[in-house]
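Written out below as structure tokens is the structure these notes cover.
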Amino acid sequence: MAESSDTMDMKEFQLHEKDTGSADVQVALLTRRISQLTDHLKSHAKDHSSRRGLLKMVAMRRSLLDYLSKSESDRYKNLLVKLNLRK
């Protein structure tokens, strides 16, 4: 059975074998979902409920990245490079 892209993202960013909730994994999953919603909104410009959800996800990712930058700056920098995020 083929693995979903979410589990592939989790395996790449996990800190240990059973890690599913660390900030790194959450940011990776949010980034994938944000890119999917961005593509959706390009073709469905009037979908305001999805736009609101997108803005909430971006804010959540920003807060997780702020937490990482204050507590674990090396993990933060590696995450930005791996996910190709601007900062």
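Quick check: is even one residue across segment 8-31 of a type in the set (D, E, K, R), surrounded by 16 or more Cβ atoms within 10 Å (Cβ to Cβ) and within 10 Å of the chain's Cα centre (by Cα)?
yes
Quick check on my filter: what residues within segment 6-55 are of a type in the set (A, V, I, L, M) and in contact (Cβ under 8 Å) with a residue 40 or more places away in the chain?
Initially, segment 6-55 is screened for residues of a type in the set (A, V, I, L, M), giving 8, 10, 15, 23, 25, 27-30, 34, 37, 41, 45, 54-55.
Within segment 6-55, Ala23, Val27, Ala28 meet the criteria.
So how many residues does segment 21-34 have that are among the polar types (S, T, N, Q) and outside any helix (DSSP H, G or I)?
Qualifying residue count, segment 21-34: 1.
Quick check on Leu37: is it touching a helix residue (DSSP H, G or I) at 6+ places or on another chain (Cβ under 9 Å), surrounded by 12 or more Cβ atoms within 10 Å (Cβ to Cβ), assigned to a helix (DSSP H, G or I) and not small (Gly, Ala, Ser)?
Taking the combined requirement at face value, the residue satisfies it.
Give just the number: which of (1) buried (at least 16 other Cβ atoms within 10 Å of the Cβ); (2) farther than 16 Å from Asp9 by Cβ; (3) out of contact with any helix residue (DSSP H, G or I) (no Cβ under 7 Å at 6 or more places or on another chain) does Ser49 not satisfy?
If we test Ser49 against (1) buried (at least 16 other Cβ atoms within 10 Å of the Cβ); (2) farther than 16 Å from Asp9 by Cβ; (3) out of contact with any helix residue (DSSP H, G or I) (no Cβ under 7 Å at 6 or more places or on another chain), just (1) comes out false.
Can you name every residue in segment 59-82 that is touching a Leu at 6+ places or on another chain (Cβ under 8 Å) and surrounded by fewer than 15 Cβ atoms within 10 Å (Cβ to Cβ)?
Result: Met60, single match.
If the requirement is being part of a helix (DSSP H, G or I), over 13 Å from the mean Cα position of the chain (by Cα) and either modelled with pLDDT under 90 or not aliphatic (A, V, I, L, M) (or both), which of these qualifies: Lys46, Lys42, Lys56, Lys82? First the steps, then the outcome.
Details: Lys46 fails: part of a helix (DSSP H, G or I); Lys56 fails: over 13 Å from the mean Cα position of the chain (by Cα); Lys82 fails: over 13 Å from the mean Cα position of the chain (by Cα).
Checking each option against the conditions leaves just Lys42.
The values are calculated or read from the model by the stated rules, or taken from the named source; none is laboratory data. Computed from a prediction, not measured in an experiment: that's the story for all the values here. So basically every Cβ, Gly included, is an ideal-geometry build from the backbone, and we count neighbours across all protein chains shown.
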